Amino acid sequence: MPKVSSKRQITLPIEQCKAAGIEPGDEYDSYVDNDGHITIVKKVAGAAKGLLKKVAADKRYSDEQSLHSSLAP
């Protein structure tokens with residue numbers, strides 16, 4: 001069974017890497033849900049291309065104001 005190293009590093013079993021198409025050097029995102037489950041998602045170049053093309057910017061707010069409002073509790 002894989003263990004977490006002293007540097008908090010985790011080694012994924014090769015079978016899981018093959019199933020997910022993860023190769024050495026690939027980038028990934030990881031997320032933790034409310035139950036403590038970790039999800040690892042391989043980043044794919046261009047996966048979000050065009051995702052926001054139909055969204056119009058609200059020029060009444062600066063980037064800084066928008067970021068601040070999204071971080072408020």
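Once semi-axes √(5λ) of the Cα gyration tensor in Å is calculated for the structure shown, the corresponding label among [x] 34, 19, 11; [y] 32, 13, 8; [z] 23, 16, 10 turns out to be [x].
Measuring nothing but how far apart in sequence close Cα pairs (under 8 Å, 6+ apart) lie, relative to its length, segment 1-45 scores a relative contact order of 25 percent. Backbone phi angles across segment 4-21, fed through the Karplus curve with coefficients 6.51, -1.76 and 1.60 (θ = phi - 60°), yield HN-Hα couplings of 7, 6, 5, 8, 6, 8, 10, 9, 7, x, 4, 5, 5, 4, 4, 4, 8, x Hz in residue order; Gly and Pro are listed as x. Every helix of 4 or more DSSP H residues in the chain counts as -39500 (n - 2.57), and over all residues that averages to -6000 deg cm²/dmol at 222 nm.
Each reported figure results from applying straightforward, stated rules to the coordinates on display, with no laboratory input. This structure is a prediction, so every number in the text was calculated from the model and none was measured.
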